[in-house]
Amino acid sequence: MSERQGSGAMAGNKKTSAAQDASKTDVPEDFDIDMGDPETEKAAVAIQSQFRKFQKKKNRDEKS
């Protein structure tokens, strides 16, 4: 019986990875980002700011 349960678990994993693969194919192949757009610059600055905060927090946690 344990063999059947094991193969069922593996089949479940395969279904999960197949679902993940399907979601990856929904991503558009190519897209344009207007780097001159002020909104893009604001978004980039916000992302960088959050990333720096994350790095500082991570470094602080590692030292503790």
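The values are calculated or read from the model by the stated rules, or taken from the named source; none is laboratory data. No experiment lies behind these values; they were computed from the predicted model shown. Heavy atoms of the whole protein, side chains included, go into the accessibility calculation; ligands, DNA and RNA do not. Shrake-Rupley method; radii C 1.70, N 1.55, O 1.52, S 1.80 Å.
Things worth noting here:
Residue-wise test of (1) at pLDDT 60 or above; (2) small (G, A, S).
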site: M1; (1), (2): no, no
site: A18; (1), (2): no, yes
site: E29; (1), (2): yes, no
site: E41; (1), (2): yes, no
site: S64; (1), (2): yes, yes
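- Test for A9: is it at pLDDT 95 or above and open to solvent by less than 100 Å² (accessible area, probe 1.4 Å): no
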